[in-house]
Each structure stands twice: as C-alpha cells, then as structure tokens.
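Worksheet for the structure shown next.
The values are calculated or read from the model by the stated rules, or taken from the named source; none is laboratory data. Here the structure is a predicted model, which is why all the values come from computation and not from measurement. Here the Cβ positions follow ideal geometry from the backbone for every residue, glycine too, while neighbour counts run over all protein chains shown. When the accessible area is computed, the model is the full protein with side chains, heavy atoms only, and any ligands, DNA or RNA have been set aside. Shrake-Rupley method; radii C 1.70, N 1.55, O 1.52, S 1.80 Å.
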Amino acid sequence: MSRRASSLVAIVARRILVFAALASAIQVGVVFVDYWFNDEELGRILIEQQTAAIRDDVRTVLAHGGRLPGDILEERYDLDDPDGGAGYYVRVRHAGGAVLYSNCGDVCETRFLPDTVDAPNFWMRTLRPGRPLTLAGGRLFADGAGPPLVVEFASIGDPQSLVVSVLLHEMIDHMVVPMGLMLFLVIGATLVSIRHALRSVAVAAAAADRIDPNAPTSRLPVDGMPKEIARLAEAVNRAFERIAALVRSQKIFAASVAHEIRTPLAVMRLELERIDDPRVREAEHNLDLLAHTMEQLTALARLDAIDVAAFVERDLADLARRAVEEIAPLVYARGKHLEFTAEIEPRVRVLPGLVETLVRNLVENAVKHTRAGTTIRVAIEAPAVLVVRDDGGGFAPGAEAIRVELGQVRTSGALGLGLKIVERIASLHGADLAIRSERGEGVEIRVAFPPSGEDGAPA
C-alpha cells in the first residue's frame, strides 16, 4: 500500500519549524556565549533582578504587618545564618539611612555603601573578579508605591547559581517569547498564503475530475494560479489536446474500417446467393455473423463520437416500447415469446436512438442464447430502471468471466460485443448496469438510469 503524500501546507509548515528551531538554537547559543563571557552585564542583571525581588518581598511583608525578613526571603537566600554564611547578603533601609533589615551586621559596611551616603539609583562593584560571581550592588526604589527604599544585595561565590536563573530569564524574555511570537506569525502567514495560492489548484483538480472524454474542449483552468503551477496546468492541457487528437484519429480509423468492410461483405453475400450448394448456405450463415459483428463494431465506434449536448428528455417507457415493437418479429420468428410491462413512465435525459439500440441488443442476446419457447420480458420499474429478463438456462458453466460495471458475468463468447455496446451506452447516460444469472434460472439485466434532473444525469 502506497503511503499517502503530505499536503504542501504540511510540508512547508514542517520545514519552517525545522529551520526556525535551527535558527533559534544558533541564536540561543550566540546569546548565551555573549552573556556568559560578559561578567559586567551578568552582574548588572543579577543585581537588578535580585533587588527588585527583595523590594517586592519586603513591601509584601510590611503590608501584612509581618516582621522582616519574612519566610520568602529566608527561603530564597537561606538567611538563617546571622553571619551570612549562605553566601548572600541583604540590607534594606530607608533612603534617610534607617535600616529595616540586614543579615550581615558590621560586615555590610565593607560591602555596601555607608548609611550616611545618599544612594544613587543604581550601583555595583566587583568584590573579586572571575567566576563564580562575587559582587555587591544596590538600587534606590522611589516609585511612589511607598517610602523610598534602598535595597542592597551581595553575592559571595553565588552558591545557589543565581547567575543561571539570570541567563534563563534573559533567554525567555529576549529570545523565546519574541521568537515564538515571530514564528507563530510567520507560520500563520505562510499557511494562509499557501492556502490562498492553492485555491486555484483545488479548482483545477475539481475541473479535472469533471473532464468528459467525449468533450474535446475540456481544459484545466489556469486563471489565478501561481506561475509555476500554471505552467504545469498548461502542459497538462497540451497533453489533453494531443491525446484528444489521437483518440479522434483512432475513432475515425475504426469507423472507417468497419464501414469499408460492409460493402465487400454485401457483394459477397449477393454472389453466394447465386450458387446452389449446401456448403454455400453454411458460408452465407458465417458471412451473416461476420456482417453482424461488423455492424456492432461500427455502432461501437460511433458511440465514441457522441455529442453529450444532444441529450434530450424523453419517456423511458415509450422508448423501450418502441424498441420492443421493432424487434418483436425477430423474436417470434425464432420461436421465443416477448412481453413488455411498465409500472411507471419516468422522464430521463437520453439519446433516444441509443436507448432503443440498448434494448434491441439486450433482447437479441436473449434470443441468441436461449432455447425455443423461452419468454423474454422487458419491464420499466421505479424509479427509472430498464429490466430485461428471460427464463432460459442462464449462462453456460465454465465460460470465461467478463468484467462489467458492478459485477462479474459468466457468459459465452458470443455475448461480447453486444454487451460491450450496452455497457458503453449505459456509461454515456450515467446509468448503472447490473447482470444476474443463475444456472437454470435465466438471466436478468438491469439498467438504472438517473431520473431527469438528478445529479449524474447527462447535461
């Protein structure tokens, strides 16, 4: 079983995702390297993040009447050690100098600004160069949400690897979010654009499904197609033109050959009638069979040249009745019986002559392949079904199977062309052909025409 091909939209979307992921990985690597080897920038961001977090925690504790440092600060920096042994030092004071909280005591004086100095909006200094980061800094928060606060923070060796959280925050804030948004917009715009561009291709595919082999003017529309796909559609149209020319030549050849052979056969028939010999009578019989075969070949060739615009609305029962009346003398001459019934008179769009030919072929086949005394019944059933059935012996056992629409038919070789003509006429009318036969129970052939106005009826 062949695997179903992916749609162009899915292919493009997957490739955009792959290349976007690759570009993101490269960009992340570049940004990581840039930050990782820039201690000053990393330190600045670390001080900014930590002092902002401490300010928020302090104001939350004070707003609820709690005592500093509060559970959040203690857990974040492990402030239980009064000497700051955890590696992080925190001091929070009013801008005027009054200390609200400190976990470093006198040690703070060697790392932070003196209490009497007016703190700048931001300051930072490196206590020891290299990694892990060892630095101190602070910020003045005077944003109107409360009295101005000076928040100071020092990291000695960064034991909790806070610098990693700085890098992750920068990646998410400056890489993942904007690139994710951009990727979403790019993929969305690309998919919408492709779907819009392929709309005309879907129209062309629908037009290709509706192409009628008997309509030589059938073409794929190219209006509105992208240039590259329009070139393909134009190439397909040129291929249709070449195929149509070839089919037309084959039809003309088949019809001409069948027509040209009829005249010599007629001359031979006249010459044989002048000879009085039993063996000549056998030759005449074989010649009649050959002439009948040529007539069927001619009819089959002409079916390929049918113009679907010539279909008209007619009464199916009336057409079948006329065909039965025309062939009745032949049936009675062969010692068979013929009946016609119509429980309904449906209107169908047909070529009247072809429907009559279909009925005659079905009745002729029944006449040829049934014993004397067989009754052949032609009926019109609802909604618009032509039925030809006989009570003969059915198809001969051991005969080859012939593939037809909706079934397998076991038949003798002589049924071939007549059935093929019936099948072709049914196909031209959008009718369903079904054949059923059981040994000793005769044959039933049903041709279900689309009632006039239904989808599938020739237009």
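Structural remarks
- Yes/no for residue 127 being hydrophobic (A, V, I, L, M, F, W, C), more than 60 Å from the chain's Cα centre (by Cα) and over 16 Å from residue 49 (Cβ atoms): yes
- Selection from the stretch 322-339 of residues that are under 53 Å from the mean Cα position of the chain (by Cα) and crowded, with 19+ Cβ neighbours inside 10 Å: 323, 324, 327, 338
Yes or no, residue by residue, for (1) of a type outside the set (A, V, I, L, M); (2) buried (at least 17 other Cβ atoms within 10 Å of the Cβ):
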{"position": "162", "(1), (2)": "no, yes"}
{"position": "172", "(1), (2)": "no, no"}
{"position": "181", "(1), (2)": "no, no"}
{"position": "191", "(1), (2)": "no, no"}
{"position": "200", "(1), (2)": "yes, yes"}
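- Qualifying residue in the stretch 145-160 (condition: without any contact (Cβ under 8 Å) to a residue 12 or more places away in the chain and surrounded by fewer than 13 Cβ atoms within 10 Å (Cβ to Cβ)): no
- Residues (under 12 Å from residue 359 (Cβ atoms) and either basic (Lys, Arg) or free of Cβ contacts under 8 Å to residues at least 40 places away in the same chain (or both)) located in the stretch 337-347: 340
- Condition broken by residue 92, with the remaining ones in (1) assigned to a loop (DSSP other than H, G, I, E, B); (2) over 16 Å from residue 46 (Cα atoms) satisfied: (1)
- Any pair with Cβ under 6 angstrom, 6 or more apart, that starts in the stretch 308-336 at a residue that is in the same structural domain as residue 358 (by the TED database) and ends at one that is of a type in the set (Asp, Glu): 315/345; 317/345; 319/356; 323/356
- Residues located in the stretch 347-393, provided they are open to solvent by less than 20 Å² (accessible area, probe 1.4 Å) and in a loop (DSSP other than H, G, I, E, B): 374, 384, 392
- Any hit, the stretch 92-109, residues being open to solvent by 60 Å² or more (accessible area, probe 1.4 Å) and aliphatic (A, V, I, L, M): yes
- Restricting 125, 76 to residues that are modelled with pLDDT of 85 or more and not in a loop (DSSP other than H, G, I, E, B) narrows the list to 125.
- The residue pairs whose first member lies in the stretch 64-77 and is outside the structural domain of residue 54 (by the TED database) and closer than 20 Å to residue 158 by Cα, whose second member is part of a loop (DSSP other than H, G, I, E, B) and open to solvent by 40 Å² or more (accessible area, probe 1.4 Å), and whose beta carbons are closer than 7 Å, counting only pairs six or more residues apart or on different chains, do not exist in this structure.
- First in the stretch 277-288 and free of Cβ contacts under 8 Å to residues at least 40 places away in the same chain, second anywhere and assigned to a helix (DSSP H, G or I), Cβ under 7 Å, 6 or more apart: 280/272; 283/272; 284/269; 284/272; 287/265; 287/268; 287/269; 287/272
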